[in-house]
Structure formats: C-alpha cells, structure tokens
Amino acid sequence: MAWKPIFCEKLCPECKKARAGDPKAMEKQKAHLAKFGPEGCPFGKARTRYYGVTPDQPVPPDRR
C-alpha cells in the first residue's frame, strides 16, 4: 500500500493541530516522533519524502 503524504499534511488531527501551534497536540506529536523516529508514522515518512520536511515542520512555500 502506498502511504499518502496528503493525510499527514491536511487530514491528520494530531499533526495538523501541532503545526498550527496547539500546545497539547505539539506534546503528543513530540512523544510520537520520539517513539517512532524523526519522521513518525508511515504517513509522516511519506510527507517527509514528498515535501522534504518532517511532520513537525511546516511545508516551505516553494514546495507546495
């Protein structure tokens, strides 16, 4: 199955809120990334490959 980077970017409730600055979501995301590595879940890994940034970073305007 091909993991879609769009899920992490637009639909994941944890990552989307964390990138928007929600403190609780940021803590959950930080713990998740510590547990699964710097790219996180399979959707986060797909996002990193596609956009070139980890799930806790915003996508640069030139990569959208």
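Once fully extended, how much extra length lies between Phe36 and Lys10, figured as 0.36 nm per residue of separation less the alpha-carbon to alpha-carbon distance? Kindly include the intermediate steps, with their values, before the conclusion.
Numbers: separation 26, 0.36 × 26 = 9.36 nm, distance 2.03 nm.
My answer for the length gained is 7.3 nm.
Using θ = phi - 60° and the Karplus curve 6.51 cos²θ - 1.76 cosθ + 1.60, what whole-Hz ³J(HN,Hα) does each residue of region 7-14 get, with Gly and Pro shown as x?
In residue order, the calculated couplings are 4, 5, 6, 10, 10, 5, x, 6 Hz.
Report the gain in length on full extension from Arg64 to Trp3: 0.36 nm times residue separation, minus Cα-Cα distance, nm rounded to one decimal. Could you put the intermediate results ahead of the total?
Details: separation 61, 0.36 × 61 = 21.96 nm, distance 1.82 nm.
So the extension gain works out to 20.1 nm.
Expressed as a whole percentage, what fraction of the accessible surface of the chain belongs to carbon and sulfur atoms when a 1.4 Å probe is rolled over the protein heavy atoms?
Values: 2740 of 4530 Å².
That fraction is 60 percent.
The values are calculated or read from the model by the stated rules, or taken from the named source; none is laboratory data. These numbers come from a predicted model, not from an experiment. The protein model used for the area step is the full one, side chains on, heavy atoms only, and it has no ligands, DNA or RNA in it. Shrake-Rupley method; radii C 1.70, N 1.55, O 1.52, S 1.80 Å.
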